[in-house]
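Enquirer: The structure's right below; bear with me while I get my questions together.
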Amino acid sequence: MIQLQLQALRVVLQVEAGASLTVALGRVKARVPDAAWGGVQDVCFGVFRHLGLLRALLDALAHKPLADRDVEALLLVALYQLEFTRAAPHAVVDHAVRVCAPLRKTSARGLVNALLRNFLRRREALLQLARRTDEGRWSHPQWWIDELRRTYPHQYVSILTAGNQPPPMTLRVNQRRVSTDDYLGLLRGAAMEAVRVGSVAVHLAQPVRVEELPGFAGGLASVQDLAAQYAAGLLDLAPGQRVLDACAAPGGKTAHILERADVELLALDRDNGRLALVRETLERLGLRAQLKCADAADLPQWWDGVPFQRILLDAPCTASGIVRRHPDIKWLRRPDDIVNLGAQQQRLLEALWHTLAAGGKLLYATCSVFAAENQLQVSTFLRSHPEAKLLPLLDIPEGPEIGNVKGQILPDARHDGFFYALLQKT
């Protein structure tokens, strides 16, 4: 456990310094034995999932901010273990005290021991105290809570609650290779409990490594959230269409488009490393597309002047609808990110509209729940483009239950938060 706590606190420090959780975990992975890696990931994800509560607990215990960031990170890790895991409390405390040695903070051993033992003695009272503030109660930044409360006065509690839960593992079954029912049979044969939640979607009762999934290497299935799976259906695809996936990485929606229809697909991404993920996904699934590294909004870089019948713009966004998968996002984002990303979204919409054929359809998508990135962005575009028509979303099974605003899917136990708007050029 000493190595688990030590590597976890190093990840916490890196994220607090601005690194993404994915990058920070990648930096320490080589130091962690394979058998312990799952535990390190669980603790790191858990700390950021519940960081508001953990910080409030630490404030109540210490009575003043801790001057040493290493010790603070160690205590956050240990408090998460004590409150949210089955680790033996005495072992968590003992090992946290011992971690002070490799940190070269032996003078902090008494403080670490005293604070953690105080938490164990006064746990219920401290939890009640910590949850008196919004951040302590919901483990989201105050500005984020305020934005959701303003936009969704009746749903903000459920959105915040969903954001703090572990996400479901949802698969998309590749209909070109196997039916959904047959794949459910393969899962049962592998002793993996699963239920069908859509025409091509299944939920696993327990997450597993993708390498353990039947036929994963052979392209029978992919991991993709249920709400993300709606995109390909909403595009109203037909064989032979010229289709653009403008911000394609990591390639889940790209692949789903090609699984559904024999189209001529161009997939763009401005990052070569992320474009490689698209290529790997298509190769695993046995699918073909033209891939190009380019900024989708810079048309001279990539467009040959031939219009597209369908465009998917999965726009860069705050990712506020998928924080349960990336809990560090809550703490790395700032309010002005919404403004900056909104400018990017507007730039992409304006540019790509020029490449859409008359009668063609553009699907604007984000994995956000913030109105400024979604319905307000689309409303602004429609006011300046009289030739653009907002079409009804006919292929989302939830129908009117997807949210209080058309196209806004709010996160719940079944899926992440997403937004879709289908625009047609008349």
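Enquirer: Could you tell me which of the residues Asn113, Asn118 is assigned to a helix (DSSP H, G or I), touching a residue at least 40 places away in the same chain (Cβ under 8 Å), over 33 Å from the mean Cα position of the chain (by Cα) and farther than 18 Å from Ala8 by Cα? So that I can check it myself, show each step before the final result.
Expert: Details: Asn113 fails: touching a residue at least 40 places away in the same chain (Cβ under 8 Å).
Just one listed residue meets the conditions, Asn118.
Enquirer: Return the residue satisfying two criteria in turn: it lies in segment 325-373 and is among the charged types (D, E, K, R) and part of a helix (DSSP H, G or I), and of such residues it is farthest from Val12 (Cα to Cα).
Expert: If we filter segment 325-373 for residues that are among the charged types (D, E, K, R), which is where we start, we get 325, 328, 330, 333-334, 336-337, 347, 350, 361, 373.
Next cut, part of a helix (DSSP H, G or I) only: 328, 330, 336-337, 347, 350, 373.
Working: Asp328: 10, Lys330: 14, Asp336: 24, Asp337: 22, Arg347: 35, Glu350: 39, Glu373: 29 Å.
Selected residue: Glu350.
Enquirer: Of everything in segment 30-53, what is without any contact (Cβ under 8 Å) to a residue 24 or more places away in the chain and either surrounded by 14 or more Cβ atoms within 10 Å (Cβ to Cβ) or closer than 28 Å to Glu135 by Cβ (or both)? Give them in sequence order.
Expert: Trp37, Gln41
Enquirer: So, one more: How many of the residues making up segment 202-227 are among the small types (Gly, Ala, Ser) and at pLDDT below 95? Before the answer, list the steps.
Expert: So the first thing to find is which residues in segment 202-227 are among the small types (Gly, Ala, Ser), and the list is 205, 215, 217-219, 221-222, 227.
Then keep just the ones that are at pLDDT below 95; that gives 227.
Going through segment 202-227 one residue at a time, the tally reaches 1.
Enquirer: Only one of Leu204, Leu187, Leu234 is in contact with a strand residue (DSSP E or B) (Cβ under 6 Å, 6 or more places away or on another chain) and assigned by TED's automatic domain parsing to the domain that holds Leu299; which? If you could, list the steps in order and put the result at the bottom.
Expert: Numbers: Leu204 fails: assigned by TED's automatic domain parsing to the domain that holds Leu299; Leu187 fails: assigned by TED's automatic domain parsing to the domain that holds Leu299.
Answer to the selection: Leu234.
Enquirer: Out of (1) part of a helix (DSSP H, G or I); (2) within 27 Å of Ala319 (Cα to Cα); (3) modelled with pLDDT of 95 or more, the odd one out for Gly273 is which?
Expert: It fails just one condition, (3).
Enquirer: Does at least one position in segment 257-267 carry a residue that is at pLDDT 95 or above, among the β-branched types (Val, Ile, Thr) and surrounded by 18 or more Cβ atoms within 10 Å (Cβ to Cβ)? Write out each step before concluding.
Expert: Initially, segment 257-267 is screened for residues at pLDDT 95 or above, giving 257-267.
Now narrow it down to the ones that are among the β-branched types (Val, Ile, Thr): 257, 263.
If we keep only those that are surrounded by 18 or more Cβ atoms within 10 Å (Cβ to Cβ) as well, we get 257, 263.
Yes, because at least one residue in segment 257-267 is at pLDDT 95 or above, among the β-branched types (Val, Ile, Thr) and surrounded by 18 or more Cβ atoms within 10 Å (Cβ to Cβ).
Enquirer: Still on this model: Give the number of residues within segment 377-399 that are of a type outside the set (A, V, I, L, M, F, W, C), within 24 Å of the chain's Cα centre (by Cα) and at pLDDT below 95.
Expert: So in segment 377-399, the residues of a type outside the set (A, V, I, L, M, F, W, C) come out as 377, 379-380, 383-387, 389, 392, 395, 397-399.
From what's left, within 24 Å of the chain's Cα centre (by Cα): 377, 395, 397-399.
Subset that is at pLDDT below 95: 395, 397-399.
Residues flagged as of a type outside the set (A, V, I, L, M, F, W, C), within 24 Å of the chain's Cα centre (by Cα) and at pLDDT below 95 within segment 377-399 amount to 4.
The values are calculated or read from the model by the stated rules, or taken from the named source; none is laboratory data. As the structure is a computational prediction, the values presented were derived from the model and not from experiment. Ideal geometry is used to build each Cβ from the backbone, glycine not excepted, and the neighbour counts take in all protein chains shown.
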